[in-house]
Amino acid sequence: MSKKTQFASRIGLIAATVGSAVGLGNVWRFPAEVQEGGGAAFLLIYIGCVILLGIPVMLSEFALGRAGHSDAIGALKNVGASKRWWVVGGIAILASYLILSFYMVVAGWTLEYLVQSVTGGLFEPVAGEAGLNSHFTAKMEEYVTTDWPPLIFTFLMIFINLGILLGGVQKGIERMSNIMMPLFFLVLVVFVVVALSLPDAGAGLSFFLRPDFSKITGSTIVSALGQAFFSLSLGMGILITYSAYFSSKVPLVRTAVTVSLLDLLVAIMMGLVIFPAITSFGLDGETIRGASLVFVTLPEVFTHMGMPQLWSILFFFLLAVAALTSTISIAEVSVAFIIDRFHTSRIKACLIVSLPLLPISAVCSLSMGLWSDFTILGMNVFDFLDNFATNILLPVGSILLCIFLGWFAPRNLMYDQLSNHGTIRSRLIPAVIWIVKYLAPVLIAVVLVSTFL
Ligand code: PHE
């Protein structure tokens, strides 16, 4: 993307930003977090985090990105930040890279599931299946923890990602997102209807929607906050990088609200599919948890619809695309950074970003199987990277960004950007500026510190 390119239309811009936001975070990570966090209570805190902190932090990234018109570090420099502040961009780039390395592994699984759906392998019996709770639990076991197949699919995903990055992301991303995101949405609506009409859907629904506040602990709140930032693609410089391509007429507040609510909607729809399905199929949370949740329950749902194989192909195709629109946006942070800072060609920058991902993602992938005994702070490498980057780096990066914009950036930067230089008037603008200046840094810091106590 050259500096002068801009998104061709407002719809395209929203589709690309939603494309970055909506991905495995909503479909795979969100239900797992809800399950760990005790259901509806987590959901409520999550919604609070999105509205109170997510939207304002998104707006700070938009404002900085459009004003700074460069990569995550260059933008800070262009708005006159002293060198010390570049660390904010640095944290963003580090976080984005770590997240990319485990995200690619899950993206690889989606591709593996797509291929297995096309060949029909997903629905064929597995040896030794009888002892397990379900057919698809055994399949998941086979696909994810055997050493080579998931690794190969992860590598494939890295190369597809590289291909798109190389071939002019601008048109690629915008055009692909315009078509795929609405289709993804429509397919989800069908799944919600099917899941809600399953027998015993009610019990799952009440787990997801009826809060039990006794379940809330400090770590629930930290996870909800981390999940909100992860899902909205915040704290990693992505939106700083993308908004450099926004025209000066784009209404930022309305865009941020639209993107965040669509992202939230997709997450909630996933919850409405997964939790009724779990109770309905008797897949109690003890046998399938976390990472495998979606990959087991969704295929179960498909078997309750006509033509399960067709649905499975359609869904995993769209999920792989949704994952790609996210991985591309994450990788673009580092690519833009390398091009702008080191004045390299786009091809070189894409290679510099993509090639080291091969060994790093390989370690993540193997940590699910062969190397699962190797742990850091009691977690395998995959979970450690996820928790460290998502629950710590993203919030820390966001606090620093808010402090910079609230206290150290040129005085009117936020206001000028949010109001398009005074042409948009809205009561939300001063409220957002106040949150960015006072509430967000304090609240995020309190949540973070509480994890260490
Ligand atoms: N927001 C994306 C998702 O929910 C993931 C992502 C994280 C994308 C960080 C970009 C940056 O899947």
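The values are calculated or read from the model by the stated rules, or taken from the named source; none is laboratory data. None of the values given here were measured: they were computed from a predicted structure. Cβ coordinates were reconstructed from backbone atoms using ideal geometry, including for glycine residues, and neighbour counts include every protein chain displayed. We work out accessible area using only protein heavy atoms, side chains counted, and drop any ligands, DNA or RNA first. Shrake-Rupley method; radii C 1.70, N 1.55, O 1.52, S 1.80 Å.
Computed quantities for the displayed model
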| quantity | calculated |
| --- | --- |
| Filtered residues of the stretch 67-87 (kept if among the aliphatic types (A, V, I, L, M), open to solvent by less than 10 Å² (accessible area, probe 1.4 Å) and more than 16 Å from the ligand (Cβ to nearest atom)) | A75, L76 |
| Lone qualifier among I221, I240 - being closer than 21 Å to I14 by Cα and outside any loop (DSSP other than H, G, I, E, B) | I240 |
| Close pairs (8 angstrom Cβ cut-off, 6 or more residues apart or separate chains): within 11 Å of the ligand (Cβ to nearest atom) in the stretch 11-37, among the hydrophobic types (A, V, I, L, M, F, W, C) and not in a helix (DSSP H, G or I) anywhere | A21/L232 |
| Matching residues, the stretch 429-448, being within 16 Å of G406 (Cα to Cα) and open to solvent by 40 Å² or more (accessible area, probe 1.4 Å) | P430, A431, I433, W434, K437, Y438, L439, V442, L443 |
| Residue match in the stretch 178-191 (condition: farther than 29 Å from G48 by Cα and crowded, with 24+ Cβ neighbours inside 10 Å) | no |
| Single condition S96 does not satisfy, out of (1) of a type in the set (G, A, S); (2) farther than 30 Å from L156 by Cβ; (3) assigned to a helix (DSSP H, G or I) | (2) |
| Condition met for L94 (under 30 Å from D147 (Cβ atoms), open to solvent by 40 Å² or more (accessible area, probe 1.4 Å) and in contact with a helix residue (DSSP H, G or I) (Cβ under 9 Å, 6 or more places away or on another chain)) | yes |
| Helices (runs of 4 or more DSSP H) completely within the stretch 300-389 that count 3 or more residues being modelled with pLDDT under 85 and surrounded by fewer than 22 Cβ atoms within 10 Å (Cβ to Cβ) | 381-387 |
| Residue in the stretch 140-158 that is in contact with a Pro (Cβ under 8 Å, 6 or more places away or on another chain), closer than 30 Å to E332 by Cβ and modelled with pLDDT under 85 present | yes |
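Yes or no, residue by residue, for (1) touching a Pro at 6+ places or on another chain (Cβ under 7 Å); (2) within 29 Å of I73 (Cβ to Cβ); (3) buried (at least 24 other Cβ atoms within 10 Å of the Cβ); (4) of a type in the set (F, W, Y):
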residue: I221; (1), (2), (3), (4): no, no, no, no
residue: L225; (1), (2), (3), (4): yes, yes, yes, no
residue: F229; (1), (2), (3), (4): yes, yes, yes, yes
residue: M236; (1), (2), (3), (4): no, yes, yes, no
residue: L239; (1), (2), (3), (4): no, yes, yes, no
residue: S243; (1), (2), (3), (4): no, yes, yes, no
residue: T255; (1), (2), (3), (4): no, yes, no, no
residue: L264; (1), (2), (3), (4): no, no, no, no
residue: L272; (1), (2), (3), (4): no, no, no, no
